[in-house]
Structure formats: structure tokens, C-alpha cells
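K.L.:
Have a look at the structure that comes next, please.
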Amino acid sequence: MAARNNFMLDESRVPKAWYNINADMPVAREPVLHPGTMKPVTPDFLSVMFPMSILQQEMSAERWVEIPEPVREAYRLWRPTPLIRAVRLEKALDTPAHIYFKYEGVSPVGSHKPNTAVAQVFFNKEAGSKALVTETGAGQWGSAMAMACAFYDMPCEIFMVKCSFDQKPYRRMIIENYGATVYSSPTVRTYAGRAERERNPDSDGVLGLAISEAMETVATSGGLKKYAPGSCLNYVLMHQTVIGIEALEQMEMAGEYPDMVIGCAGGGSSFGGIAYPFVHRNLTQGKKTRIIAVEPASCPSMTKGRYAFDYADLACSGPIVKMHTLGHSFIPPGIHAGGMRYHGMAPSVSALVHNGDIEARAVGELETFAAAVQFARTQGIIPAPESAHAIRVAIDEALECKRRGEKKVIVFNLTGHGHFDMEAYDDYHNGRIHETELSDTDLQAALAQLPLVPSE
Ligand SMILES: *Cc1c(COP(=O)(O)O)cnc(C)c1O
């Protein structure tokens, strides 16, 4: 009989609680600082942005946080997601390793992002928020938010980075089809946007600035509108842990336990989502799974950035957090994996990398597309360019197993499909992708602008 390769859970197995890594962090938590005073923020600074129920999740150190039944009901539209053994890829690599991937591309918008979008809109609806405002880079977070807002009849405004707005019309159309309003950032609607347009009339926009525009819109709304971030914050990573909790159960069905868990990391939400339930076992049950976060060599916050306090946004109006950062003013090159172009990394992922609980690895764009194409030609699924970073390292590790004759078990997170990224693949096949080297001068210039936080 052929080996079983598709490990499906039925819908009763949608997790009942999220896992909160704050309960098990091996290092003390760093404070969140106010951008003006550089002192720890008071709850009223953050409550302009978020309803109290979400702030409580952000601060909570409770290990398991119950998922409200209406959120589980929304999850059941696409969860549990499949865990698949990549048998054909294993054969092509001729490796003794077993490679499994968790496939988040089955959500209606094709990525893991609705896992937190539906939860955030639910809690905001319950708290009486009148509209939600957010930013989007490549458009994946925007489409997830637009869909979730449609489910809960919540008005939604999205600042979309201009280069994606112009180059990814289908993502913008998806967002509008769900009923949300999209602006091309920088806009003339906000102070931050107007300042950028004056400074640089040809500005392509950048995620850090779209965040500034979204936060300013919320801050000037008289309390009516709230902000919904797509990554980085503790509670966003917590919502994503449904991925890893399901994967643990599915690996049990497969009768194996991973030696390695690999995920791509832009802001770190899908990575935390798959990895933290396994990190939990490492920290509390003596398991020794290697946990690997993969980033693009052109935007290498974990491998080349500094672990320091920095602003979350370009206009320096949002909170200051301790994280691996390239500097808030760093403008990453326009690589195709739009979801990986952020100057910082989630504070909890950064702390765990710094403490040695998580390994960080950077991969080049060409080798990443080569892995994506090899995966598509063996397993059929065309991965999102972001997800392909994890595939690259999974393949590299499987080849290392072949060299050493070791039968390791590898699990990676396939965060989304690449159906709206076909231009990127076309560029790859036609030799239009060139490795973008990080300029050390630019990096040093951006790092020189880190805030001077007292006590540091
Ligand atoms: C947004 C996105 C990412 C990166 O964001 P994280 O917060 O690091 O997960 C990765 N893959 C896909 C498909 C995305 O849409």
C-alpha cells in the first residue's frame, strides 16, 4: 500500500483555544514605549488603536485563550487546513527525509491571514467599533480584512502601498469586491501621506508609511475607528497558533514528530503560528525540535539587523518596541515577496532568536524561486513567493539529510498560494529577477536613526 500522504482533520477538530507564548517565554518581556516620551506606554495610548478585549489579549500571560464560538464557526469555512506529506518532492530530491507541509492556501483569500482577521473583526464588533482601518503591502492582509469585515458588516478602510496598488490590480479588486475602501498610499488624506508626497512626489510607498497613515486615520477619528494590524503583535501571532495546534495533532496521525519546523517570516505571524505550539513543547516538555525562521536576504532583519528598540512605523507615531530591526527608515528593495518587506520582526520572535530558541536564516530571491518552481512541478501547488522562502530551506535541509544519510522529519508552513503572483514567476522564467544586494551604507544610515531610548 502506498504511504498515506494527506492528513485531514474533521471540522470538530478546529482548535478551541489559542496558545499564548507569553506564558512560557524564557526571557523577561520588554516594555512597549511611547513614541513621544520614550517611557512605557499607558493603556490609554493603546486604547485609541484597539478595543480593551484585544489589549487584554496583547498583555495576557494566560497560556490558553479560549476561541469564541462565532470565530470557530468562521474558521470552519476553511479549517482545519490540510497537512500533506510531500512524497513526490521527497522522491525528486532522493532524500531519506520526510517532508510535511501545512497548507494555509485553502482559505478563501489564499493565505493564513484570515485566521487573525476574522478574530480581530469579531472582537471589534463586540466592542462597538464603527470601522476598521489598516494597511496592506502586496494585498493579502487587505483581502483578508475586507472579507472578515464583510462577514461582520463592518466598514473597512485600507491603505495599500502604491506600487502594489498599481501593479497588483487583482488584489485591489478582491478587496473592493468584499466591500472595503482602498487608498493608494501615500495619500493626501493624512499628514504623514502629504509629508511623504512633498518630500518625494514619485514615492512608490512603503509598508511603514501605510501603517502611519492607517494609525493617523484612527487617532483622528474621535474614537469611532480602530486599527487592525496584520502581523507582529503578540495577539496576532497568538491567533495564528491554530496552524501549529492542528499540525501537532496531524503529525500524531502521521505517527511522527518533527525534527525541524520551518516557516517564512515577514512580520512573523504565520511563523509564530506554526512554530509556537512546537516551541511550547521544546520549552516545557524537553522536546528538541529545531525551529527555523526564514527571511529574504534583501530584507534581513533577523540576520543583519540589530536587536534594539525601534519605531513600528516610518512616521514614528506608533509605539517603540524591542525587536530585530533594519531601522524604521530602511526602504527594502522591491522584491516580489511583498509580504516580507518590513523593517522589523515580531518582538516575541526577535526575543526567541536572540535567546537562541529559534534559528534565523536568510535566502536569496533566485534560489527561492527555484525552490518554488521545483515544488510546483512535483506537488502541483504554486506557492506564494513568501512561502517559497520556507520551501527553499526545507529542500536544503532535506538535501543535507541525503548527504548525511539521515531520516529527519521536516515540517514547513505553506502560508499561501501564488495565483496572484504569476507576474513574479513570469519575471523569474524570463530572467528578469536579479539578486538585490543589501547596501551596507543604506543599512548603517537607517540604523543610525534608531531612537535613543534612555536606559539602553
Ligand atoms: C503576509 C504573508 C506572509 C508574511 O507575513 P507573516 O506575518 O510573517 O506571516 C507570508 N506568506 C503569505 C502568503 C502572506 O500573505
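K.L.:
If you check each cysteine of the chain for another cysteine whose beta-carbon is under 4.7 Å away, which ones come up empty?
P.N.:
CYS163, CYS232, CYS264, CYS299, CYS316, CYS401
K.L.:
Next question. If the limit is 19 Å between Cα atoms, which of LYS91/LYS407; LYS130/LYS226; LYS168/LYS226 go over it?
P.N.:
Details: LYS91/LYS407 13 Å; LYS130/LYS226 8 Å; LYS168/LYS226 26 Å.
Too far apart for the 19 Å limit: LYS168/LYS226.
K.L.:
Taking the Cα of ASN5, stepping 7 Å toward and past its beta carbon, and measuring to each backbone N in region 62-87: which are under 18 Å?
P.N.:
The answer is 82-87.
K.L.:
Given the whole protein assembly as supplied and a 1.4 Å probe, what does the accessible area of GLU90 come to in Å², nearest 10?
P.N.:
Estimated to the nearest 10 Å², GLU90 gives 10 Å².
K.L.:
Under the rule of -39500 (n - 2.57) per DSSP H run of 4 or more residues, summed and divided by the residues of the chain, what mean residue ellipticity at 222 nm is obtained, to the nearest 500 deg cm²/dmol? Please report the intermediate quantities before stating the final value.
P.N.:
On the way: 19 runs with 190 residues, N = 456.
Calculated at 222 nm, the ellipticity per residue is -12000 deg cm²/dmol.
K.L.:
May I pose another question? Can you give the FRET efficiency for LEU399 and MET173, using 1/(1 + (r/R0)^6), R0 = 45 Å, r = Cβ-Cβ distance, to the nearest 0.05?
P.N.:
According to the calculation, E is roughly 0.65.
K.L.:
Sticking with this structure for a sec: For the chain, what size does the Cα cloud have along each of its three principal axes, sorted from largest down, in whole Å?
P.N.:
Sorted largest first, the three principal extents are 64, 48, 48 Å.
K.L.:
Give the aspartates and glutamates reachable from LYS16 as a straight Cα distance under 17 Å; neighbours fewer than 8 places away on the same chain don't count.
P.N.:
GLU62, GLU66, GLU69, GLU73, GLU246, GLU249
K.L.:
Return the FRET efficiency for the residue pair ARG29, LEU452: r is the Cβ-Cβ distance, R0 is 25 Å, and the value is rounded to the nearest 0.05.
P.N.:
On the way: r = 22 Å, r/R0 = 0.86.
Plugging the Cβ-Cβ distance into 1/(1 + (r/R0)^6) gives 0.70.
K.L.:
Express as a percent, rounded to the nearest 5, the fraction of DSSP beta bridges in the chain (both residues included) that run antiparallel. Provide the component values of the computation, followed by the final result.
P.N.:
On the way: 19 of 51 bridges.
Rounded to the nearest five, the antiparallel share is 35 percent.
K.L.:
When ranked by the protection proxy of mean other Cβ atoms within 10 Å per residue, highest first, what sequence do the peptides 436-444, 201-209 form?
P.N.:
Values: 436-444: 13.0, 201-209: 20.0.
Output ranking for 436-444, 201-209: 201-209, 436-444.
K.L.:
Shifting gears a bit: Name the GluC sites (Glu not before Pro) in region 243-277 that are in a loop by DSSP and that have at most 11 other C-beta atoms within 10 Å, would you?
P.N.:
Numbers: sites: GLU246, GLU249, GLU252, GLU256; in loops: GLU256.
Here no loop site has a sparse enough neighbourhood.
K.L.:
Next question. What length, rounded to one decimal in nm, is gained on full extension from GLU62 through to ARG377, with 0.36 nm per residue of separation minus their alpha-carbon distance? Let's see the in-between values first.
P.N.:
Details: separation 315, 0.36 × 315 = 113.40 nm, distance 4.36 nm.
Going from the current span to full extension adds 109.0 nm.
K.L.:
Separate question: What does the charge dipole of region 13-147 about its Cα centre add up to, to the nearest 20 debye, if the Cβ of each Lys and Arg holds +1 and the Cβ of each Asp and Glu holds -1? Working shown, then result.
P.N.:
Values: 15 positive and 13 negative charges, 89 e Å.
The dipole magnitude comes to about 420 debye.
K.L.:
Could I ask something else about it? Taking 18 Å as the cut-off for C-alpha to C-alpha distance, list the pairs among LYS39/LYS322; LYS113/LYS162; LYS288/LYS408 that go past it. Mind dumping the intermediate values first?
P.N.:
Numbers: LYS39/LYS322 13 Å; LYS113/LYS162 21 Å; LYS288/LYS408 13 Å.
Pairs exceeding the cut-off: LYS113/LYS162.
K.L.:
Given points 7 Å out from each Cα along the Cα-Cβ axis, report the ASN355 to ARG88 separation in nanometres with one decimal.
P.N.:
4.1 nm
K.L.:
Continuing with the same structure: When only DSSP loop residues count, what trypsin sites (Lys or Arg not before Pro) in region 278-313 have their Cβ near at most 12 other Cβ atoms within 10 Å?
P.N.:
Values: sites: ARG281, LYS287, LYS288, ARG290, LYS304, ARG306; in loops: LYS287, LYS288.
Those satisfying the criteria are LYS288.
K.L.:
Suppose every Lys and Arg Cβ carries +1 and every Asp and Glu Cβ carries -1, with no other charges. What dipole size does region 121-260 come out with about its Cα centre, to the nearest 20 debye?
P.N.:
Working: 12 positive and 17 negative charges, 156 e Å.
Dipole size: approximately 740 debye.
K.L.:
What is the spin-label model distance, in nm, from ASP166 to SER439 if the labels are put 7 Å beyond Cα along the C-beta direction?
P.N.:
Taking the two extended label points, one gets 1.9 nm.
K.L.:
Additional query: Given labels modelled 7 Å from the Cα in the Cβ direction, how far is it in nm from ARG290 to MET52?
P.N.:
Computed distance between label sites ARG290 and MET52 equals 4.8 nm.
K.L.:
With a 1.4 Å probe and all protein chains left in place, how much accessible area per residue does the chain have, in Å²? Each step should come with its number before you reach the end.
P.N.:
Numbers: 17670 Å² over 456 residues.
So the chain comes to 39 Å² accessible per residue, rounded to a whole number.
K.L.:
Another question about this same structure. Please report how far the C-alpha centroid of region 283-361 lies from that of region 86-142, rounded to the nearest whole angstrom.
P.N.:
Answer, in whole Å: 19.
K.L.:
Sticking with this one: Relative contact order of the chain: what whole-number percent is it, with Cα pairs under 8 angstrom and at least 6 residues apart?
P.N.:
Rounded, it is 19 percent for the chain.
K.L.:
Which aspartates and glutamates have a Cα less than 12 Å from the Cα of LYS402, not counting those fewer than 8 places away in the same chain?
P.N.:
Answer for LYS402, where 12 Å is the Cα cut-off: GLU90, ASP94, listed by chain and number.
K.L.:
Next up: Within straight cross-link reach of LYS304, meaning Cα distance under 15 Å, which aspartates and glutamates are found once same-chain residues fewer than 8 apart are removed?
P.N.:
GLU295, GLU359, GLU437, ASP440, ASP442
K.L.:
At 1.4 Å probe size, with the rest of the protein present, what percent of the exposed accessible area of the chain is carbon and sulfur atoms? Mind dumping the intermediate values first?
P.N.:
Numbers: 9060 of 17670 Å².
Carbon with sulfur: 51 percent of the solvent-accessible area.
K.L.:
How far, in nm, would the chain grow between ARG432 and ARG76 when pulled straight, counting 0.36 nm per residue and subtracting the alpha carbon separation? Could you put the intermediate results ahead of the total?
P.N.:
Details: separation 356, 0.36 × 356 = 128.16 nm, distance 4.04 nm.
Gain on extension, ARG432 to ARG76, equals 124.1 nm.
The values are calculated or read from the model by the stated rules, or taken from the named source; none is laboratory data. The shown structure was predicted, so the numbers you read here are calculated from the model rather than taken from an experiment. Neighbour counts run over all protein chains shown; Cβ positions are idealised from the backbone, glycine included. For accessibility, only protein heavy atoms count, side chains too; no ligands or nucleic acids. Shrake-Rupley method; radii C 1.70, N 1.55, O 1.52, S 1.80 Å.
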